[in-house]
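Here's the structure we're looking at; comments come further down.
The values are calculated or read from the model by the stated rules, or taken from the named source; none is laboratory data. From a predicted model like this one, the values you see are computed outputs, not experimental measurements. So basically every Cβ, Gly included, is an ideal-geometry build from the backbone, and we count neighbours across all protein chains shown. Heavy atoms of the whole protein, side chains included, go into the accessibility calculation; ligands, DNA and RNA do not. Shrake-Rupley method; radii C 1.70, N 1.55, O 1.52, S 1.80 Å.
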Amino acid sequence: MTNNLVIVESPAKAKTIKKYLGRNFEVMASFGHVRDLVPKNGAVDPAKNFAMKYQIIGRNEKHVRAIGSALQSADALYLATDPDREGEAIAWHLTELLREKKLLKNKPVRRVVFYEITEREVKNAIENPREIATDLVNAQQARRALDYLVGFNLSPLLWRKVAPGLSAGRVQSPALRLICEREEEIRKFVPREYWTLDARAEKGEQAFTARLVEYNGRKVEQFTLNDAGGTAAAKKIILAAAQGQLRVASVDKKQRRRNPAPPFTTSTLQQEANRKLGFTAKRTMRAAQDLYEGVDVEGQTVGLITYMRTDSVSLAQEALKDLRATILKRYGQKALPEQPRYYKAKSKNAQEAHEAIRPTAAARAPEQVAKFMTSDQARLYDLVWKRALACQMEAAVFDTVAVELQAGDTPAAGTFRANGQVLLEPGYLAVYNIKPDDPLERDEDDDEKRLPPLEEGETVRLLDVMTEQHFTEPPPRYTEASLVKTLEEYDIGRPSTYATIINTLQARTYVEMQGKAFVPTDMGMVVNRFLTEHFTRYVDYTFTARLEDELDEVSRGERDWVPVLEEFWSDFKPTVDQKMELDRRTVSQARVLGADPATGKPVSARLGRFGPFVQIGSKEDPEKPRFASLRGAQRLDTITLEQALELFKLPRKLGATPEGEPVEVNIGRFGPYVKFGKQYASLRKEDDPFTVGLPRALELIALKKEAIRAATLHSFDGTTVKIIKGRFGPYISDDGRRARIPKGKDPAALTLDECRALLDEQNAVKKKGGKKKAAVAPDAPAATADSPAPVKKGKPKVLSVGGKTKASSRKKAPVPKAATS
């Protein structure tokens, strides 16, 4: 009989802990959260003190059953889920489920927490259990309720007023606002010209450069020299005054100390992994989770780093001793400070009882364990290990020198400044294998060049004065690293949620990546504009941060969670109800570009339910408006009238195939394509639908026909009926009509009559004149890259480019989902 049952979140963690606890402990995994709010209206009831209705998560039901079964033969239940708010909530929900099923039967329930998965820490936690922390559970419930209330009220509003499938969230929306506001700054930015003057000087055989800092008796600011003429005149005056020499006016020598950075928090780990390794926040957290839960090292599963969701920069005393011993052994007494370094978190809500992210054993160097890890794990462990050791080492010491050099006997003509530095003592930089003679990774204010020995009053040879033109640059777009840093600075969200926030923004197509930078899509800009104008308070950075503070107060037991929700709901719900009356066209904010030269009708750009488009005419005109989708790189805020009119030149008729099939090119919902007869072939990335000619179109058609021939499983002589192997299974094709093959039917055994019957049934016309929606085969043109969607027409559904459209039927709105924060 098993005496004790221990529950953790993941099977990897269970496997590691089982080895530490022995045969009297059975360790099982819950596989994450076991309960969540029911996915429908009424899951949170504001009228009943925000009572919540939960249901078991379907995919984890079997795991809960297994835990219940194992509990029957156990004497005690230990809940060893993660040591944070989410882990506490999982422990509470599991306890509630087991209690409802009457499986606890007065057996003791013990909550245990540990911040590293090592034998010492796990056994210590088992020996020192506590009760479930109700305050942490309440804080998690309050966050979940807020996410639900925002998602179930704002998301349907976005569906009706903007487009289906959108979402808004407490933290997601302010994060989107940051990205969109930065983009607006960039678009409004006007570059300014400025020039710099650098002297190239030489002493002995060592050349160096110096920047002009004073001219004509005045300090040189960024825009002191702002055109070519003025810069050339300044150069001429300086050269004339210098007469081939510069006089050393002053030499300022100093010693500078650079201190190490604190150990990693979740946020700084995500930032550094993005900057140095190119990892996304999600990729960083996945590798960190693996390192925390355990890696097989020489036949033993070992947790290599401490818990990775933390905002603390504190280190335990035992950890400090471990790190200092390793520093002394590897780098010597010179690298070790007399006393340990202690750091204080910048965040006022940091949980100092937790530890920063560090290796569980400092002696376990990256080079010793890298062979047991994946590439991502090894690279991240190397980052964590080095940062932890560095934070407890001596400062790096530099000799710095600043030299001022004058052109002529007085500073009136021009004064230049040269800065140099030399690494004297590497200190913590030794961890990064940087020695005194190595080039350094530069800080923004560092100039790591070496200068020749210079003395005040001596002269050096002036080789040349170099001029360079510059233009001011707009603020950079956010990367994952800079976005995470900014969210943390504003105190928006918590480190454990940053990866989810970023993933949601991308999943909703609110942002796209250009290299490492976030660029808001038209959809993102419109949603942000809508939320900023109509829900200003709820995307306000200060309000969001204050709400986070209140939730942290709940977690510390300083505040009740229900009043926090009441205060939020009392203002939020009336605002949502009021905004339901908004006109959709007001929200989509059409931008008038000008008039169509051919008809005189207005040309406008706006966001439709299925994407951005341009429109000629209006719904008040006798003739229906014409619509055209924007191309991939085009944006609603920047498209011009000329660019918009180009979009209406499609479809272009190119001619015919040798078989006499008409050939035309167009853009559909899934991209540009060539249509030949009733079939379609996608254009490649290098093909422009506005310029592609018939010869290239025929090449693509030939490739498409060959692909169809290769995929044809069976054809019926004398007919156009074929059975084709599709990406998601075989289907029937007949001159543009398609039909799925029902499950259980053998494609090879189908007769011609059976195929025709399936085609007729799935492409049937209703008696009342409307078309029955065809059951499109998985590889039908609308679903594949090689076969783009045919030109469909409809009011701003915008699946086609050019031409008139007919109103399309509305899709039934999906069930609202509570947005993740």
Calc'd 3J(HN,Hα), the range 108-119, phi into Karplus 6.51 cos²θ - 1.76 cosθ + 1.60 (θ = phi - 60°), Hz, glycine/Pro = x, comes to x, 10, 10, 9, 10, 10, 8, 10, 8, 9, 10, 4
In whole µm²/s, the translational diffusion coefficient that Stokes-Einstein assigns to the range 206-278, given a Kirkwood hydrodynamic radius over C-alpha pairs, 10 °C and 1.306 mPa s, equals 92 µm²/s
So what J values fall out for the range 495-504 if you push phi through Karplus, 6.51 cos²θ - 1.76 cosθ + 1.60 with θ = phi - 60°, rounded to Hz, Gly and Pro as x? x, 5, 9, 4, 4, 5, 4, 5, 4, 5
Would you kindly give the portion of the calculated P(r) for the range 184-315 that falls above 20 Å, as a percent of all Cα pairs? 70 percent
From Cα pairs below 8 angstrom and at least 6 apart in sequence, can you work out the relative contact order of the chain, rounded to a whole percent? 14 percent
Looking at the range 557-605 from every direction and averaging, what is the projected area of its Cα convex hull in nm²? 5.7 nm²
Three-way shape call for the range 105-223 based on the alpha-carbon gyration tensor, with the a/c threshold at 1.5: oblate
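Based on the alpha-carbon gyration tensor of the range 194-247 and its eigenvalue square roots a ≥ b ≥ c, which shape applies: rounded if a/c is under 1.5, prolate if not and a/b is larger than b/c, or oblate? Walk me through the numbers on the way to the answer.
Numbers: a/c = 2.06, a/b = 1.73, b/c = 1.19.
Since a/c reaches 1.5 and a/b is larger than b/c, the shape of the range 194-247 is classed as prolate.
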When ranked by the protection proxy of mean other Cβ atoms within 10 Å per residue, highest first, what sequence do the peptides 253-262, 26-35 form? 26-35, 253-262
Principal axis dimensions, largest first and in whole angstrom, of the range 114-155 by Cα: 48, 19, 8
Across all Cα atoms of the range 350-389, Rg and the largest Cα-Cα distance (Dmax), in Å, are 11.4, 35
Is the shape of the range 75-129 best called rounded, prolate or oblate, per the rule: a/c under 1.5 gives rounded, else a/b larger than b/c gives prolate, else oblate, with a ≥ b ≥ c the square roots of the Cα gyration tensor eigenvalues? oblate
Volume per residue (Å³) of the convex hull spanned by the alpha carbons of the range 525-674 is 180 Å³
Send over a whole-number figure in Å² for the accessible area per residue of the chain, probe 1.4 Å. 49 Å²
Scattering profile of the range 263-334 at q = 0.19 Å⁻¹ [log10 I(q)/I(0), Debye over alpha-carbon scatterers]: -0.96
One computes Rg over Rh for the range 613-681 from alpha-carbon atoms, with the Kirkwood Rh, and obtains 1.06
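Could you calculate the FRET efficiency of Asp583 with Ala633 from 1/(1 + (r/R0)^6), where r is the beta carbon distance between them and R0 is 25 Å, rounded to 0.05? Spell out each step's value before the answer.
On the way: r = 30 Å, r/R0 = 1.21.
Calculated value: 0.25.
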Please compute the modelled spin-label separation between Ser715 and Gln245, points set 7 Å along Cα→Cβ, answer in nm with one decimal. 9.2 nm
Report the per residue volume, in Å³, of the convex hull enclosing the C-alpha atoms of the range 241-286. 164 Å³
Say R0 is 35 Å: what FRET efficiency, to the nearest 0.05, do Thr599 and Ala233 get from their beta-carbon distance? 0.05
Which whole-angstrom value gives the distance between the alpha carbon centres of the range 53-90 and the range 708-750? 48 Å
Among the listed pairs Lys13/Lys334; Lys188/Lys485; Lys48/Lys102, which are separated by more than 29 Å between their Cα atoms? Lys13/Lys334
Give, in whole angstrom and from largest to smallest, the semi-axes √(5λ) of the equivalent ellipsoid of the chain, with λ running over the eigenvalues of the Cα gyration tensor. 53, 46, 28
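According to the Kirkwood expression over distinct Cα-Cα pairs, how big is the hydrodynamic radius of the range 687-767, in Å?
The Cα-based Kirkwood calculation yields 14.4 Å.
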So, over other residues within a Cβ distance under 12 Å of Gln339, counting Lys, Arg +1 and Asp, Glu -1, the net charge is 0
Using a Förster distance of 45 Å, how high is the FRET efficiency between Glu181 and Arg23, based on the Cβ-Cβ distance and rounded to 0.05? 0.15
Within the under-12-Å Cβ sphere about Val527, not counting Val527, Lys/Arg +1 and Asp/Glu -1 give a net charge of +2
Taking 0.36 nm per residue of separation and subtracting the Cα-Cα distance, what length does fully extending Glu202 through Arg537 add? 114.5 nm
Quick check: convex hull of the Cα atoms in the range 1-152, volume per residue, rounded to a whole Å³? 114 Å³
Under 19 Å from a point 7 Å along the Cα-to-Cβ line of Glu646: which residues of the range 688-719 have their amide N that close? 688-694
What does the extension gain come out to for Glu96 and Glu458, with contour length at 0.36 nm per residue minus their alpha carbon separation? 122.0 nm
About its Cα centre, what dipole magnitude does the range 1-143 give when the only charges are +1 on Lys and Arg Cβ and -1 on Asp and Glu Cβ, stated in debye to the nearest 20? 500 debye
How many lysine pairs in the range 218-326, separated by 8 or more positions in sequence or lying on different chains, have Cα atoms less than 30 Å apart? 6
Simple spin-label estimate for Asn128/Lys573, 7 Å along Cα→Cβ, in nm, reads 4.5 nm
Let's test this: bin the Cα-Cα distances of the range 585-744 at 5 Å from zero up to the farthest pair and state each bin's percent. 2, 8, 15, 15, 14, 13, 12, 9, 7, 4, 2, 0
Fraction of accessible area attributable to carbon and sulfur, the chain (%, probe 1.4 Å): 49 percent
